[in-house]
Amino acid sequence: MKKIALLISIPFIAIIAALLVLVLLVNPNDFKPLIKEQVEAQTGRQLTIDGDIEWRFFPSIGFSIGEVALSNPKGFSTPDLVKFNNAVLDLNVRPLFQHEINIGLVTLDGASFTLHTLKNGTTNLDNIGPIKKQVDTLETTPEEQV
C-alpha cells in the first residue's frame, strides 16, 4: 500500500517542484523588450507595456499583464488603436508537453478599440503588418559583345 501511495505522489511532487523552479528562475518581465520588439516588427506599431507581467496558477496556468497600449499611426486623433487595463492569458497545459504553446482563454479588462477613417479613406488599420525594408536594386544591362 505504501508503494502505491509513493507512486501516486511522485508525479504530483515533480509537478509542484517544476512549477516552483519555473517561478523562481523565470521572470516574465525580462521578456518585455522582446515582446515590444516583435510586435513592432510584425505590426509596424509601437507597443507600450506599463504594467507588470505576472505568473498565474489558479484557476489555470497563464499570465496576467497590466496596462498595455498599441499605438495608432501618425495623423489620427487618438494616440492608441488598442488599449486595455489588464489582460489574462490562460495556457493549455497538454500542448506544452509537445513543445507547443496553445493559448486558451484571453480576458481583457477595460479594453478599448478605436477605428478611425480619415477623409481620404485611410483607416488606422491600413498598413498594419510587418515593416517592409526597401532594398536598393541595381539594374544591370547585358554587356555588348564586340
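The values are calculated or read from the model by the stated rules, or taken from the named source; none is laboratory data. Since this is a predicted model, take the numbers as computed values, not measurements. Glycine gets a Cβ as well: all are built from the backbone with ideal geometry, and neighbour counts include every protein chain shown. Please note that ligands, DNA and RNA were not included when accessible areas were found on the heavy atoms of the full protein model with its side chains. Shrake-Rupley method; radii C 1.70, N 1.55, O 1.52, S 1.80 Å.
Between the Cα long axis of helix 32-43 and the first principal axis of the chain there is an angle of about 40°, rounded to the nearest 10.
Extension gain, residue 63-residue 105: 0.36 nm per intervening residue step, less the Cα-Cα distance, totals 14.0 nm. Convex hull volume of the Cα atoms of the chain, normalised per residue: 223 Å³.
Using the Cβ-Cβ distance between residue 2 and residue 96 with R0 = 41 Å, the FRET efficiency computed as 1/(1 + (r/R0)^6) comes to roughly 0.80. Computed on the stretch 1-138, with alpha-carbon pairs under 8 angstrom and 6+ residues apart, the relative contact order is 18 percent.
Surface composition of the chain: carbon and sulfur make up 61 percent of the accessible area, probe 1.4 Å. Looking at the stretch 1-92, the accessible area is 67 square angstrom per residue; that uses a 1.4 Å probe and ignores ligands, DNA and RNA. Taking the longest Cα principal axis of the chain as reference, the axis of helix 2-25 is set at about 40 degrees.
Give, in nm to one decimal, the length gained when the segment between residue 16 and residue 118 is fully stretched (0.36 nm per residue of separation minus the Cα-Cα distance). Could you put the intermediate results ahead of the total?
On the way: separation 102, 0.36 × 102 = 36.72 nm, distance 5.39 nm.
Contour length minus Cα-Cα distance gives 31.3 nm.
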